[in-house]
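Trainee: Quick one: this structure, given as structure tokens, is what I'll be asking you about.
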Amino acid sequence: MRPEFKTRLLQAAKTFGTPLYAYDWQTIATQLERLQTAFGTAKIFYAMKANPNVGILKRLNTLGVGFEAVSGGELERAVLAGATGRQIVMNGPGKLNADYIRAKEIGARIILDNADEAPRAAKYAAGAETLIRVNPGLQVSTHDHLATGNASSKFGVSLADVPTAVQNAERAGLNVIGLQMHIGSSIEDPNDYALALERMAGLAKQIGARQVFDMGGGFGLQFDLAPLATLGHQAAHAFGASELWIEPGRWLVAESGVMLTEVLERKRTARAFAVVDSGMSELLRPMLYSAVHPVENLSSTRANTIVDIAGAACESGDILARDVQLADPQPSDILCISVAGAYGSSMSSHYLTRPRPTEVLLENQQWVVLRRRDTIEEILRNELE
């Protein structure tokens, strides 16, 4: 976290209230520069599900970043951000017929997730440029819920079925421009990618030369990018591909964002708790993935203590952090939960009829409101009308 950003957070909490998502644009821009330096000519398609705020998307679009959408709603977000045609790729299982129609209408590329998907895709998006998503069948170094490239995952086409998937798509009148893979998220072991890319390159003799090789994203925040980029370009070369694509999501935005939350009370059962004004409805990752986020008390320099950070939901699993050591939290203190720029706000919900938080961005030393907090009236409107 940049010191200049951190020093502004207490004032942001006072100005905009809590819970609050705050992002640092300079951090995102720096991450993008690192990515471009490592991968060179590769085309970047931001996996917008990590953080789909239109204000962030618009800023990325001005820097030449494309977008990977996995729903019809995300397609519309990409369009609102200013992206057109080949700047957008449509991915994901279970696409709706309307998704194919809209992707074709705006000229987006479509990634087929199923060897038998082609006839339906061709019916609604005839002649579209497509890629086949391949499942390389690996056990990778991440949480089971984040592993998308193992053999039992619901994602992609198995290695043995790739030639059939390509034939099915071409017979249906689709233009198969390449292959795509995405083996998971928050992956830390370089060997996972080395083996996956080796298996992908082995398909070149079976399906012939293609224009594009898309190696997906998912690399962990501490990943050494340069060797990974070399492996990606080598795999693209195996297909004679003129374009290498990458789809970073969390890597690009996670470290830019924090969630600020206020301590409401202290409590003790068999454990010590600090109860805060946010929870699983604002930050789901700890409950969903057992994700660990750093926590800091911005309001105090008291002696450290060890506590659990308890969320406000009436759920036993709503613990934002366990056994964290921080300056003894007391009511009205502001806690900063960091590395929350990805899958924080994007996974937030109205569970328990709780308003989703305000989102703000620090840009050029000024706070910009990207999303205002919902009101209860807005949440209930569709039910009353």
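Trainee: For the range 59-68, give me each residue that is of a type in the set (A, V, I, L, M) and part of a loop (DSSP other than H, G, I, E, B).
Mentor: Matches in the range 59-68: Leu63, Val65.
Trainee: I'm checking my understanding of the structure. Among residues of the range 224-271 that are small (Gly, Ala, Ser) and touching a Phe, Trp or Tyr at 6+ places or on another chain (Cβ under 6 Å), which one is farthest from Val295 (Cα to Cα)?
Mentor: In this case the residue turns out to be Ala241.
Trainee: Which ones in the range 1-22 are hydroxyl-bearing (Ser, Thr, Tyr), touching a residue at least 24 places away in the same chain (Cβ under 8 Å) and assigned to a loop (DSSP other than H, G, I, E, B)?
Mentor: Within the range 1-22, just Thr18 meets the criteria.
Trainee: Okay, moving on. Identify, from the list Ile337, Ile376, Ile319, the residue that is over 22 Å from Arg2 (Cβ atoms) and either in contact (Cβ under 8 Å) with a residue 60 or more places away in the chain or loosely packed, with under 14 Cβ neighbours inside 10 Å (or both).
Mentor: Just one listed residue meets the conditions, Ile376.
Trainee: Hey, any hits in the range 3-25 for a residue that's closer than 24 Å to Ser185 by Cβ and surrounded by fewer than 22 Cβ atoms within 10 Å (Cβ to Cβ)?
Mentor: Checking the range 3-25: at least one residue is closer than 24 Å to Ser185 by Cβ and surrounded by fewer than 22 Cβ atoms within 10 Å (Cβ to Cβ).
Trainee: Could you list, in sequence order, the residues of the range 156-168 that are among the small types (Gly, Ala, Ser), more than 9 Å from Ile132 (Cα to Cα) and part of a helix (DSSP H, G or I)?
Mentor: Once the filter is applied, which keeps residues that are among the small types (Gly, Ala, Ser), more than 9 Å from Ile132 (Cα to Cα) and part of a helix (DSSP H, G or I), the range 156-168 yields only Ala160.
Trainee: Looking only at strands (runs of 3 or more DSSP E) that fall completely inside the range 289-385, which ones have 3 or more residues that are β-branched (Val, Ile, Thr)?
Mentor: The strands (runs of 3 or more DSSP E) meeting that bar are 304-310.
Trainee: Here's a follow-up. Taking only pairs six or more apart or across chains, which ones have beta-carbon atoms under 8 Å, a first residue in the range 57-68 that is touching a residue at least 12 places away in the same chain (Cβ under 8 Å), and a second residue that is surrounded by fewer than 22 Cβ atoms within 10 Å (Cβ to Cβ) and small (Gly, Ala, Ser)?
Mentor: Going by the 8 Å Cβ cut-off, the qualifying pairs are Lys58/Gly82; Asn61/Gly82; Thr62/Gly82; Leu63/Ala29.
Since every read-out is calculated from the coordinates, none of them should be taken as a lab result. It should be emphasised that the depicted structure is a prediction, and the values quoted were computed from it without experimental measurement. All Cβ positions, even for glycine, are placed from backbone atoms using ideal geometry, and neighbour counts span all protein chains on display.
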